[in-house]
Structure formats: C-alpha cells, structure tokens
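Following: one structure in structure tokens, then a few remarks.
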Amino acid sequence: VTEYHKQWYQRRVRGLLSQKSSFVDVYQVDTEKVPKFCESLNIDSVPTCLIYQKKELKETVTGLNLPKVAKTVDKLTAEHETTSCQAPVVEQDLNTRLKSLTTMAKCVAFIKGSPQAPRCKFTRALMELFLSTEVEFSYFDILSDNDVREGLKKFGEWPTYPQVWLEGELLGGLDIMKELHENGELITTLPVKMSLNTRLKNLINSHKVMLFMKGDPSEPRCGFSKTTIGILAQCNVEYKTFDILSDNDVRQGLKTYSEWPTYPQLYVNGELIGGLDIIRELHEAGELAETLRG
C-alpha cells in the first residue's frame, strides 16, 4: 500500500492495516518531492492510497475513505491466502492417495487397461510374464485417472508405464521385470501363486549352479556355509545363493523335497550334488570345477 497523505493520516492507515495482515507493507511518499510521478498516476489531491498486489495496481482510494482501504486489503489478503494454501493441499492429497495405491497390496502394477484387456503392448507383455510365473498382484488402470497417471511419474521418479511396486517401493518397469525373469529372480522377488514344491523347483532351477546356505556369500552365518563359499571361490564358476534363514518354508520344505536333512545344499542343473562333505571330496579330487560346469 503506497500512501499520499499528511502525517496524521499516515498514522491512522498504519494502525488500521497493522491489524489486518502480515502480508501488507505500508510506504509513505511525499508528493511535493515527486511531482512527475504523481502526475503520471493522476494524483491531484491528498491523501491518496494506491493499493498494489504483486506490482499491479489494484485500487486507488482518494480522500479519508478508510473503510474502502480496509475492504480492499481484506479482499486481496483473502485471495493471497487462498492461492498460497490450496495448491500444496491438493498436491499433498494426491501424494497421500498415491501412497495408498502403491501399498494397497504387496505387489501393485500400474498399467494401461486391465490384465484381461491390456491397452498397450508393454502392459500386454507384462501381464503375459506375470501370468506365466503366477505372480500375485493388484493393479490400477492409469487411463482411468489422469491425476494418478501424471502424479505417479513424479511420485516414483519414473516417467513411463507400466510400473511395478513392491511393498510400497518402486521396483521398475517391463525391462526390469524381464531382466529379473531372465536371471531367475522374478519368482524370488515378487509374491507368486504356487505350491511349495513348485516354488522349490523354481528356486533350484533359477540358476545353473544354486547353493542353499545360511546367510549370503559376503556374510555366511554358519561355519559349513562359510567353508563352502571358500571352496566355490576357488573354482571360478558363477553361482547363485538362497539364504534359508530368510524363509522357514523353504528351509524346512527343501529337506523333504531333496531328501537331504542338512545345509548347505548345492545343485547343478536342477540336480542335488550334496552338502559340504561331498563338495569337499569333489574339490580334493579335482572334480568339483568340472561338476559345476555341468
């Protein structure tokens, strides 16, 4: 608010506006010192109040019309508060909704169309992959809601669809799902609809050389597993491991499935080789590396 007035009017305007809002600034201009400026604004009497918002002149109040000054400031302040407050609320509401959608099931696929009627080739390819591996998932059709479609790109920092979310975290798109499948990791990463025996069979065949152990190669959690990892490291052969301590169903079920009661267990091309004793015997006889290469 820019004022053109005498000192007594200045005090009254400042006193009034100080009670209105913290968004209002009041400045005094001596009309006698800036005649050309006053002429450019057609100011021919004092006091005069010029009320600006974001450098734009909104109202000119001439004379002792304090009620009009107050009414104009109230209106502009209300508009400012509405504009500044509404947008973040909308964004927050959308983010809350997106968080709810991404966690509505353990695995959620955001796709175009539905699993039965995909509406793009990438969605179709993903659904075929999930069907063949019996992945358990919920889905959301992004074509049904443009706010979700555009908002999820920013929320997940992923610009394309489909998107697969696991336990509220973005796992990736079709290419990553294909890569996981090719590496035998899709069924161990995503929830699947299958019997325990089917799951065990898939795990055993998820890599040419598969070791079921306690812990992982970087941190074995028993002496037998640690010794096995040391022996395999000398054979210079790629292999994959599964930590039986992370899944009790696998830990107990594999004993029955393989008819082998202890761990670690080593498989090559889906066939059980044995535990540490047999692995050590093969290594000492110089036959382990050849066995691992199949």
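The values are calculated or read from the model by the stated rules, or taken from the named source; none is laboratory data. All values reported here derive from a predicted model rather than from experimental measurement. Using ideal geometry, Cβ is built from the backbone for each residue, glycine included, and neighbour counts are taken over all protein chains shown. Protein only, heavy atoms only, side chains kept; ligands, DNA and RNA dropped before computing areas. Shrake-Rupley method; radii C 1.70, N 1.55, O 1.52, S 1.80 Å.
Odds and ends about this structure:
- Residues being over 38 Å from the mean Cα position of the chain (by Cα) and in contact (Cβ under 8 Å) with a residue 24 or more places away in the chain - total across region 237-257: 1
- Summed over region 223-239, residues that are surrounded by 15 or more Cβ atoms within 10 Å (Cβ to Cβ), of a type outside the set (Ser, Thr, Tyr) and out of contact with any helix residue (DSSP H, G or I) (no Cβ under 7 Å at 6 or more places or on another chain) total 3.
- Residues that are outside any loop (DSSP other than H, G, I, E, B) and open to solvent by less than 70 Å² (accessible area, probe 1.4 Å) within region 258-278 comprise SER258, GLN265, LEU266, TYR267, VAL268, LEU272, ILE273, GLY274, LEU276, ILE278, listed in sequence order.
- When region 35-78 is filtered for residues that are at positive phi and either touching a Leu at 6+ places or on another chain (Cβ under 8 Å) or open to solvent by 60 Å² or more (accessible area, probe 1.4 Å) (or both), the ones remaining, listed by number, are ASN42, LYS54, LYS55.
- For the residues VAL164, VAL135, the requirement of being surrounded by 13 or more Cβ atoms within 10 Å (Cβ to Cβ), among the aliphatic types (A, V, I, L, M) and at pLDDT below 95 singles out VAL135.
- Check on LEU17, open to solvent by 50 Å² or more (accessible area, probe 1.4 Å), among the hydrophobic types (A, V, I, L, M, F, W, C) and either at pLDDT below 80 or under 30 Å from PRO162 (Cβ atoms) (or both): no
- Restricting attention to region 192-222, the residues that are closer than 30 Å to PHE130 by Cβ, surrounded by 14 or more Cβ atoms within 10 Å (Cβ to Cβ) and small (Gly, Ala, Ser) add up to 1.
- Of all the residues in region 29-55, those that are touching a helix residue (DSSP H, G or I) at 6+ places or on another chain (Cβ under 6 Å) and under 25 Å from GLU79 (Cα atoms) number 3.
- In region 206-224 there is at least one residue matching the filter, namely being under 30 Å from SER138 (Cβ atoms) and touching a strand residue (DSSP E or B) at 6+ places or on another chain (Cβ under 6 Å).
- Matching option when the condition is among the small types (Gly, Ala, Ser) and within 28 Å of LEU288 (Cβ to Cβ), among SER206, SER144, SER195, SER138: SER206
- Options GLU238, GLU290, GLU281; residue that is out of contact with any Asp or Glu (no Cβ under 9 Å at 6 or more places or on another chain), in a helix (DSSP H, G or I) and charged (D, E, K, R): GLU290
- Verdict on PHE242 being open to solvent by 20 Å² or more (accessible area, probe 1.4 Å), under 17 Å from GLY184 (Cβ atoms) and hydrophobic (A, V, I, L, M, F, W, C): yes
- Screening PHE122, PHE155, PHE110 for residues that are assigned to a helix (DSSP H, G or I), under 30 Å from ASN205 (Cα atoms) and in contact with a helix residue (DSSP H, G or I) (Cβ under 8 Å, 6 or more places away or on another chain) leaves exactly one candidate, PHE122.
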